[in-house]
Structure formats: C-alpha cells, structure tokens
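J.: I'd like to ask some things about the structure below.
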Amino acid sequence: MIVEYIRYRIPAERAEEFEAAYRRAAVPLANAPQCVDYELTRCVDEPACYVLRITWTSAEDHLGGFRQGPDFPAFLAEIRPYVGDIEEMRHYAPTGVHGRGSSVPTLYEWAGGAEAFNRLTETFYAKVLKDDLIGPLFAHMDPGHPRYVAMWLGEVFGGPDRYTRERGGYPHMLSQHLGKGISEPQRRRWVNLLLDAADEVGLPGDPEFRAAFLGYIEWGTRLAFANSQPGATPPRQAPVPRWGWGVAPPYVPEG
C-alpha cells in the first residue's frame with residue numbers, strides 16, 4: 001500500500017464549499033477499487049490548512065488504475081476548483097514504525113487480564129469434558145491444558161507473549177490440531193460452549209467486546225478445523241495472531 005498526502009491552503013471564505021466539494025468527491029473515491037481509505041483533516045492551529053490522506057493499494061494503482069478509470073472524472077469534477085490551492089501532493093511508503101497508544105485498552109485488559117482468561121478456560125474445559133460430541137477429543141487432555149489455552153488467548157488479545165515464550169508459539173498450537181479430523185459440528189459445539197463459559201464467568205458483555213471476541217473465535221476455530229483435516233499442509237511457521245477491536249472501539253458509557 002502507499003499513502004498519498006495532499007496539502008491545501010484554503011481561505012476562510014471558501015472553506016465551507018471546499019469541504020462540501022470533498023464530501024461529494026468522496027463518493028467516486030470510495031467507489032474506486034484502488035482506494036483503501038481516506039480522510040480530510042483541518043489544522044486547528046492554522047485553519048486555512050487542510051490535509052487529505054488517501055491510502056491506495058499501490059502508487060501504480062493510483063496513477064494508472066484510478067486516474068485512468070471510470071471514477072476519476074467525477075472525483076476531479078468536484079475538486080477541480082481547488083487544484084490551484086494545493087501546496088504539496090506526494091506519495092509516502094510505510095517504514096514499519098507504527099503502533100498504538102494506551103488510550104484504548106487491549107481486549108486482554110478489557111476482559112480482565114490473566115485471571116479472567118483462566119476463569120474462562122477452566123469453566124470451558126469442565127463443560128468440554130462432559131460433552132458427548134467434543135469430550136472424546138479431549139479425553140487424554142493434559143491437566144495444564146486450560147491454563148495453556150488461557151495463555152494463548154491472553155497473548156492473542158493483546159496480553160503478555162507467554163504462550164510464545166513458554167509454549168512454543170504458533171508452531172506448537174498448530175501441532176495440537178494436525179491430523180485430528182475435527183468435524184464442523186464439533187467446531188460449532190466448541191464455539192458454543194466457549195460462549196456459554198464467557199457468559200458464566202462474567203466476561204464483558206458489551207457488543208463491541210463480544211463482537212471482537214467472537215470474531216477471533218470464529219476465525220481461529222475455522223483455521224483449526226481446516227488445519228486438522230487429512231492431507232492439510234498449513235504453514236508451519238507464523239507469529240501468534242494479535243486481535244484488536246476491529247471496526248468498533250470499546251464502548252464506554254457516559255456519566
């Protein structure tokens with residue numbers, strides 16, 4: 001991906017129409033398959049200064065695909081009156097230096113940390129062992145297995161990397177599924193019992209957390225299902241996934 005920055009200087013008397021023009025231009029821009037996302041911002045220290053940020057799939061896709069495609073004429077028609085106000089228009093490539101601050105808690109923190117995930121897995125595996133459908137898969141389960149899975153989930157949801165350091169990370173987790181021949185009904189039962197356990201131990205019930213939590217559980221169990229099938233050849237080396245909030249940030253009620 002490549003990021004384009006366009007810096008404008010717009011006099012105050014033209015600012016309202018400038019923003020309105022970009023709201024209209026955003027329609028063909030959003031329709032373009034080469035566009036990943038975009039944002040127009042205004043400087044609070046010097047209100048005449050605007051920056052438009054557009055992430056493109058590549059510089060070639062922007063300069064060739066978009067500018068020569070069907071969405072560009074409608075986009076240009078809206079912003080043409082402001083082309084002369086552009087002070088800078090450049091493409092920037094990511095450097096790999098990125099991250100997020102601590103203003104938004106991780107899913108691990110929001111859930112309640114290690115203690116919450118330990119409660120979850122202890123309760124969950126107690127249900128598993130009593131279940132006729134998936135209980136046989138865990139008949140010879142290591143007594144420490146619930147704690148190990150809690151470590152995995154904690155690392156996935158933004159907690160300490162204990163599973164990587166102490167249990168071997170992704171390659172070890174993968175080894176637990178190879179050749180198991182998990183069925184779809186077993187996968188679905190695993191998910192349902194985990195969600196029941198999450199309710200029972202009091203994991204946060206807000207829609208934002210549960211959507212992110214279930215998103216990973218669905219993604220992870222579907223990978224485990226595929227990796228467990230006869231003849232599956234999944235990648236043997238990969239990092240432990242890190243799961244975030246996704247589209248919705250954590251919900252914090254006012255007051």
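The values are calculated or read from the model by the stated rules, or taken from the named source; none is laboratory data. Note that this is a predicted model, so its numbers are computed, not measured. Note that we place each Cβ from the backbone using ideal geometry, even for glycine, and neighbour counts take in every protein chain shown. Heavy atoms of the whole protein, side chains included, go into the accessibility calculation; ligands, DNA and RNA do not. Shrake-Rupley method; radii C 1.70, N 1.55, O 1.52, S 1.80 Å.
J.: Applying the selection to the range 124-133, what residues are open to solvent by 20 Å² or more (accessible area, probe 1.4 Å) and either among the charged types (D, E, K, R) or not in a loop (DSSP other than H, G, I, E, B) (or both)?
T.: Of everything in the range 124-133, those that are open to solvent by 20 Å² or more (accessible area, probe 1.4 Å) and either among the charged types (D, E, K, R) or not in a loop (DSSP other than H, G, I, E, B) (or both) turn out to be 126, 127, 129, 130, 131, 132.
J.: Okay, moving on. Within the range 41-93, restricting attention to residues that are aromatic (Phe, Trp, Tyr) and outside any strand (DSSP E or B), which residue is most open to solvent (accessible area, probe 1.4 Å)?
T.: Ranking the qualifying residues of the range 41-93, first place goes to 72.
J.: Are there any pairs, at least 6 apart or on different chains, whose C-beta atoms fall under 7 Å, with the first in the range 174-203 and within 12 Å of residue 222 (Cα to Cα) and touching a residue at least 24 places away in the same chain (Cβ under 8 Å) and the second hydroxyl-bearing (Ser, Thr, Tyr) and in a helix (DSSP H, G or I), and if so, which?
T.: Close Cβ pairs satisfying both conditions: 187/221; 190/221; 191/221.
Residue by residue, here is whether (1) in contact with a helix residue (DSSP H, G or I) (Cβ under 8 Å, 6 or more places away or on another chain); (2) closer than 22 Å to residue 137 by Cβ holds:
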{"position": "149", "(1), (2)": "yes, yes"}
{"position": "153", "(1), (2)": "yes, yes"}
{"position": "179", "(1), (2)": "no, yes"}
{"position": "184", "(1), (2)": "yes, yes"}
{"position": "207", "(1), (2)": "no, no"}
{"position": "216", "(1), (2)": "yes, yes"}
{"position": "227", "(1), (2)": "yes, yes"}
{"position": "232", "(1), (2)": "yes, yes"}
{"position": "238", "(1), (2)": "yes, no"}
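J.: Which helices (runs of 4 or more DSSP H) does the range 134-240 wholly contain that include 2 or more residues that are within 23 Å of residue 102 (Cβ to Cβ) and open to solvent by 30 Å² or more (accessible area, probe 1.4 Å)?
T.: In the range 134-240, 207-227 are the helices (runs of 4 or more DSSP H) which contain 2 or more residues that are within 23 Å of residue 102 (Cβ to Cβ) and open to solvent by 30 Å² or more (accessible area, probe 1.4 Å).
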